[in-house]
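The values are calculated or read from the model by the stated rules, or taken from the named source; none is laboratory data. Since we're looking at a predicted model, the values are computed, not measured. No Cβ is skipped: glycine too gets one built from the backbone with ideal geometry, and neighbour counts run over all protein chains shown.
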Amino acid sequence: MLRLASAEQLLHEPPSCRYLHVLILTALQDGASRLELRYTLDGVVPYYRVDDRDWELTPPPPELTEHLKETVRQVSRLVTPERPDTTILVGPPQARFEPLQAGWLTYELDGRWLDLRLYIDPREPFGVIRFDIEGAEEFSAAAQATLATYAELLARHEEQATSA
């Protein structure tokens with residue numbers, strides 16, 4: 001479960017968890033039906049789908065990229081199927097088949113819960129993390145208010161850090 005009690009909480013979260021919160025809040029605010037983190041040679045490229053169109057979001061800093069999959073796994077309930085005996089005919093030596101991990105992430109915002117269906121393609125260094133979202137519109141106003149408050153707090157926090 002990923003719980004957000006207040007915008008102030010975000011300032012004290014670990015960076016990868018904070019980034020995940022902001023991605024989910026942004027997707028909820030805009031009424032997205034899907035959120036994806038696509039792994040490439042250059043890092044992670046986040047997308048979300050609104051009205052059947054994919055929109056690219058700001059990628060995380062490189063130091064967060066390596067922690068995102070593990071953060072998602074820690075806050076989610078996953079079902080990892082057994083790996084079947086499969087012979088890999090094409091690919092690097094010692095390649096093996098890794099089945100898709102599936103499950104859900106329960107997100108709590110303002111005391112209300114939303115279950116996001118979750119799929120993780122575990123192939124390294126590539127793969128994808130996909131969240132399917134139903135009912136984002138119900139959380140849109142709360143997500144927007146939380147993001148606005150967080151932006152104000154972050155600006156104030158950075159001002160204090162530079163003036164000190």
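Observations on the model:
- Taking the criterion of being in contact with a helix residue (DSSP H, G or I) (Cβ under 6 Å, 6 or more places away or on another chain), closer than 17 Å to GLY135 by Cα and of a type outside the set (A, V, I, L, M), the residues of region 27-71 that qualify are GLN29, GLY31, TYR48.
- Screening GLY43 with (1) of a type outside the set (A, V, I, L, M, F, W, C); (2) modelled with pLDDT of 95 or more; (3) more than 21 Å from ASP110 (Cα to Cα) gives one miss only, at (2).
- Within region 1-31, the set of residues being in a loop (DSSP other than H, G, I, E, B) and within 13 Å of the chain's Cα centre (by Cα) comprises MET1 only.
- Count of residues meeting criterion [within 17 Å of the chain's Cα centre (by Cα), in a helix (DSSP H, G or I) and within 15 Å of ARG49 (Cβ to Cβ)] in region 116-139: 1
- Counting only residues that are crowded, with 19+ Cβ neighbours inside 10 Å and among the hydrophobic types (A, V, I, L, M, F, W, C), region 1-16 holds 4 of them.
- Every pair of residues 6+ apart whose Cβ atoms lie under 6 Å, when the first sits in region 22-44 and is closer than 19 Å to GLU137 by Cβ while the second is among the charged types (D, E, K, R): GLY31/GLU137; ALA32/ARG49; SER33/ARG49; ARG34/ARG49; ARG34/ASP132
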